[in-house]
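One structure is given below, encoded as structure tokens.
Nothing in this text is a laboratory measurement; each read-out follows from the coordinates by a stated rule. Quick caveat: nothing in here was measured; it's all calculated off a predicted structure. Here the Cβ positions follow ideal geometry from the backbone for every residue, glycine too, while neighbour counts run over all protein chains shown.
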Protein chains: 2
Amino acid sequence: MIQQENRSHFKFELVHTDRNCGARAGIITTPRGVIETPIFMPVGTHGAIKALQPQVLEEMKIPIILSNTYHLNLSPGPAIIKKAGGLHKFMGWNKPILTDSGGFQVFSLKDRKITEEGAQFKSPDGEQVVLTPEKSIEIQQCLGSDIMMAFDECIPHPATKQYTKKSIQRTHRWLDRCINSWSNPQQSLFGIIQGSSFEQLREECVQEVCSRDLPGYAIGGVSVGEGPELMEQVVSYTAPIMPKDRPRYVMGVGNPEDLLMIWEYGIDMSDCIIPTKFARGGTLFTNRGKLRIRHRKMRGDLYPVEPNCNCYTCKNFSRSYLKHLFDANEVLGAILTSTHNIAFYNHLARRARQAIIQDRFLDFKREFLSRYQQ
Amino acid sequence: MIQQENRSHFKFELVHTDRNCGARAGIITTPRGVIETPIFMPVGTHGAIKALQPQVLEEMKIPIILSNTYHLNLSPGPAIIKKAGGLHKFMGWNKPILTDSGGFQVFSLKDRKITEEGAQFKSPDGEQVVLTPEKSIEIQQCLGSDIMMAFDECIPHPATKQYTKKSIQRTHRWLDRCINSWSNPQQSLFGIIQGSSFEQLREECVQEVCSRDLPGYAIGGVSVGEGPELMEQVVSYTAPIMPKDRPRYVMGVGNPEDLLMIWEYGIDMSDCIIPTKFARGGTLFTNRGKLRIRHRKMRGDLYPVEPNCNCYTCKNFSRSYLKHLFDANEVLGAILTSTHNIAFYNHLARRARQAIIQDRFLDFKREFLSRYQQ
């Protein structure tokens, strides 16, 4: 375990909390850069944000990305990435990276088996793989991510209270094993709060996990198919009791509406594949809602996707050109739509932060949604 | 027709001819930029260089690209591109564009019918389309390309002398109809020399086509499957008798070996899909030959594709990472390999030009090939 006195590489400063709600603006400092919160993290599952060169993300001033331990462990494997000098060097990205623990992916597999030791599952080429708390941290330390996530069980929804209780107790024992394996002070470890949709168990988890005095904490298990109402319920009673002086991260969220919701409750960080996945399918996010670029009415539409957007796509190309690229199966279409969607999400977080600092987050949210959902 | 006195927008200056062979260094000046020759033009069939944003090409200082009239005519159609302000604006590229005439694509279709009027064929959605010299120039004038190509018949190989004779005479009548339709002095028209593999007919074509006093001339029909020996034969007896004071363009060539061959005979321009097509398949061009990035020996290879290459890919990524991207089906793999291959071809042309100016093109060619083919 890395003692508190050796954690000076990582810092969270709470800059301002909105006077009218829980929304907060903060600054996370890591050895590889500063992250202004609230922040949305694009997902680079295989050590690559799909269809985007790192330089495109740098130009957009994306301060942090997420990558997946489960996938990188299978291919190319931690040994090669370590030999390459870590994930940053391997993928040509020198700003912060957060890696998940692999737990979420493992628990979405059908043939998994969970024991006290860890999780057993079959890799895509049929090999038996065991992922344990120690192994997850070892892999994340090979990757050299700036923020590592503790290995937990992401409980599927719905779950019984009895199962949830058993699971969170094991997750807490796993957390201590993660903490014991954490040996690099340049990397920070975040704990994860589970507890399914049971308020009392979420509270217990906050108590238990936050007693470990870690650099940051995440709310897990809210994007496993329970829908936005349950997600809001869980966040609404969990976020306010989490420590104020640590970053709060909700994993795997989401749509612009979801982001505004979690930010209102004082969440600082989130990640999701939605902006890049939707982009590849031709769905673009704008202030007036989603725009389907493949629709035939885009054919002669010479406006940019979002008239006042400052991204490379909107400054240089029309909807008509993007539609043409999708019609012609040109991969440049996915490159340019991904660029816009990532820029849109990042800009949304920047605007939210500005509003929080001015104590007008609720107005900002209402105004945004009234145009976005019209 | 645009009279000679109104063609000041386009200029070709022959800077130097190598003392020991036909290789030449020149400068083409167009309203949208200057092109140092010899030059290789990347192909953007649908108004997009596959997998590359225009800014990537700008960073690599690519001075000119090619786009295909046939494809853009079918989709999105010249009306939309004209409404968008021309192809440059539509595709976000403000440097010179050369458009072919559509002839090459039409004549590779099975169900074509050639008459004095033009070529009839079926579009992919079954519609009857007629492409005539007037129509081809009209489309190219809607696109607003800097260099337009005359509409010709690209004679398949092998062809009889009798057929070739009949075809070139029609192509010359078509050339005059192209010239008569050419009305924008900002755009330049190049004539095309056909004649299959008959030296006497190629000579006749040079006489006929070059008597039209056009801004530039192309050798057509040398990349229709006749192999490198015939290609060299045709270029060897055609290039030297073409006017010295006009750019000479060989269409659809090719491999690095082919480029060195045509440059030796005094060709100034060429284009080919090879660098981008091979890149998407995982084949990279290097000074030591082709490198197959999907090969398992690339797995742990932490060198860049080409150690001294200055491209974004080689400066930031290893072979191991590129192999990983291909293994993971990440489109970023194709983006980064396309970047390198285009940079390699462009750099090869730059190096050749330097060698020509120093009268050492033949040495350069020999040295390059001895490493490339080892």
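Values computed for the structure shown
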quantity	calculated
For segment A:39-227, alpha-carbon Rg and Dmax in angstrom	16.3, 49
Hull-based mean projected area of segment A:271-374, where the convex hull spans the alpha carbons, in square nanometres	6.6
Residue-wise HN-Hα coupling along segment A:126-135, computed from phi with Karplus coefficients 6.51, -1.76, 1.60 (Hz; x: Gly, Pro)	x, 6, 6, 10, 10, 10, 10, x, 4, 5
Angstrom value of the Kirkwood radius, inverse mean 1/r, which spans all Cα pairs in segment B:13-106	14.6
Estimated translational D of chain B in µm²/s (Stokes, Kirkwood radius over Cα pairs; 25 °C; 0.890 mPa s)	116
Only Lys, Arg (+1) and Asp, Glu (-1) charged, at Cβ; chain A dipole about Cα centre in debye	1080
Pairs from A:82/B:290; A:61/B:297; A:61/A:277; B:50/B:82; A:297/B:89; B:61/B:323 whose Cα-Cα separation, in the structure shown, is over 24 Å	A:82/B:290; A:61/B:297; B:61/B:323
Percent antiparallel among DSSP beta bridges (both partners in the protein assembly as shown, rounded to 5)	50
Shortest-first nm distances, residue B:61 label point to equivalent points in other copies (7 Å, Cα→Cβ)	3.1
Label point 7 Å beyond Cα along the C-beta direction, distances from residue B:294 to other copies (nm, shortest first)	2.5
Max mean-square fluctuation residue, GNM over chain A, Cα-Cα springs under 10 Å, options A:196, A:183, A:145	A:183
Partnerless cysteines, meaning none of the other Cys C-beta atoms lie under 4.7 Å away, in chain B	B:21, B:142, B:154, B:178, B:205, B:210, B:272, B:311
Placed amide H near residue A:188: partners under 5 Å, 5+ positions off or other chain	A:147, A:148
Farthest positive-ward along segment A:119-254 dipole, Cα basis, beta-carbon charges - from A:227, A:128, A:210	A:210
Gaussian network model of chain A, Cα within-10 Å springs - most flexible of A:78, A:256, A:158	A:158
Compactness of the protein assembly as shown - radius of gyration and Dmax, Cα, Å	30.3, 93
Closest Cβ on chain A to the rotation axis that carries it onto B (distance rounded to whole Å)	A:331, 3
Lysine pair count for segment B:106-252 [Cα-Cα under 30 Å; pairs on different chains or 8 or more apart]	20
Position residue B:357, label points 7 Å along Cα→Cβ, spacing to each other copy in nm (shortest first, one decimal)	5.0
Under 5 Å, built H, 5+ apart or other chain: amide partners of residue B:218	B:191, B:192, B:193, B:249
